[in-house]
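Quick notes on the structure that follows.
The values are calculated or read from the model by the stated rules, or taken from the named source; none is laboratory data. The shown structure was predicted, so the numbers you read here are calculated from the model rather than taken from an experiment. Here the Cβ positions follow ideal geometry from the backbone for every residue, glycine too, while neighbour counts run over all protein chains shown.
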């Protein structure tokens, strides 16, 4: 009798395990190499932004990028643009600040063949000298990067900005754009006219 009960319990356990495996398939594993290369592309973007190294930033982007910044309400919206146009937009804004810090964390990576998606939480600090009000504007939320593997390298071809909260003086962003345009022009490196016309916060 005890043997029969033991057999029934084992069968029930095996059936339950099989059901759980069928109902809840394990997520596809991401190799450590892919994880490193994919997250490093985003971290290189963040580092290049803070150091204003636009040449370095270009190395992690594909030729075309699907950009969605509608959540930031900064006037650029959603579009497919060249990597050069995307970097010019970043360059104009960031050049106008006295300091920035873009931090990323909690990376979530999905890989499907030669396509990948990376979602990171971000904390973006922007500082500029002002006559009145706070001299900073902070944005927090999530950034989503879409990547494609080309010749063994993961390149960013999609970027979505999803702010969840802000703190400080939003006028800092407008000041950053205006000063960025002025500083780049003074340095003899003015942005293309269409870039300058589209930039606003």
Counting only residues that are more than 15 Å from the chain's Cα centre (by Cα) and either at positive phi or free of Cβ contacts under 8 Å to residues at least 24 places away in the same chain (or both), which one in the stretch 64-94 is surrounded by the most Cβ atoms within 10 Å (Cβ to Cβ)? 81
Condition check for residue 142: surrounded by 16 or more Cβ atoms within 10 Å (Cβ to Cβ), under 24 Å from residue 37 (Cα atoms), free of Cβ contacts under 8 Å to residues at least 40 places away in the same chain and within 18 Å of the chain's Cα centre (by Cα): yes
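Can you confirm whether residue 34 is touching a strand residue (DSSP E or B) at 6+ places or on another chain (Cβ under 8 Å) and either at pLDDT 95 or above or farther than 21 Å from residue 123 by Cβ (or both)? Outline the logic, then answer.
Details: touching a strand residue (DSSP E or B) at 6+ places or on another chain (Cβ under 8 Å): yes; either at pLDDT 95 or above or farther than 21 Å from residue 123 by Cβ (or both): yes.
The answer is yes for residue 34.
What do you reckon, is residue 97 surrounded by 13 or more Cβ atoms within 10 Å (Cβ to Cβ), closer than 24 Å to residue 187 by Cβ and in contact with a helix residue (DSSP H, G or I) (Cβ under 7 Å, 6 or more places away or on another chain)? Show your work before the answer.
Numbers: surrounded by 13 or more Cβ atoms within 10 Å (Cβ to Cβ): yes; closer than 24 Å to residue 187 by Cβ: yes; in contact with a helix residue (DSSP H, G or I) (Cβ under 7 Å, 6 or more places away or on another chain): yes.
The answer is yes for residue 97.
Check whether at least one residue in the stretch 101-111 is outside any helix (DSSP H, G or I), modelled with pLDDT of 95 or more, loosely packed, with under 15 Cβ neighbours inside 10 Å and touching a helix residue (DSSP H, G or I) at 6+ places or on another chain (Cβ under 8 Å), and report yes or no.
Quick first cut of the stretch 101-111, residues outside any helix (DSSP H, G or I) only: 101-111.
Those left that are additionally modelled with pLDDT of 95 or more: 101-111.
Still in the list and also loosely packed, with under 15 Cβ neighbours inside 10 Å: 101, 103, 105-106, 108, 110.
If we keep only those that are touching a helix residue (DSSP H, G or I) at 6+ places or on another chain (Cβ under 8 Å) too, we end up with 101, 103.
Yes, that holds for at least one residue.
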For a quick check of your reading of the model, give me the residue pairs whose first member lies in the stretch 164-178 and is on the phi > 0 side of the Ramachandran plot, whose second is surrounded by 16 or more Cβ atoms within 10 Å (Cβ to Cβ) and assigned to a strand (DSSP E or B), with beta-carbon atoms closer than 7 Å and at least 6 apart or on different chains. 168/136; 168/137; 168/138
I'd like the full set of residues that are within 20 Å of the chain's Cα centre (by Cα) and free of Cβ contacts under 8 Å to residues at least 60 places away in the same chain, limited to the stretch 145-163. 149
Any chance you could count how many residues in the stretch 156-183 are closer than 20 Å to residue 45 by Cβ and in a helix (DSSP H, G or I)? 4
Tally up the residues in the stretch 41-80 that are touching a helix residue (DSSP H, G or I) at 6+ places or on another chain (Cβ under 7 Å), over 22 Å from residue 150 (Cβ atoms) and part of a helix (DSSP H, G or I), please. 1
Taking residue 8 as meeting all but one of (1) farther than 24 Å from residue 163 by Cα; (2) at pLDDT 70 or above; (3) in a helix (DSSP H, G or I), write down the number of the exception. (2)
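Does residue 129 qualify as being loosely packed, with under 14 Cβ neighbours inside 10 Å and closer than 29 Å to residue 187 by Cα? Write out each step before concluding.
On the way: loosely packed, with under 14 Cβ neighbours inside 10 Å: yes; closer than 29 Å to residue 187 by Cα: yes.
Yes, satisfied.
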Assess whether residue 147 counts as being more than 15 Å from residue 102 (Cα to Cα) and assigned to a strand (DSSP E or B). yes
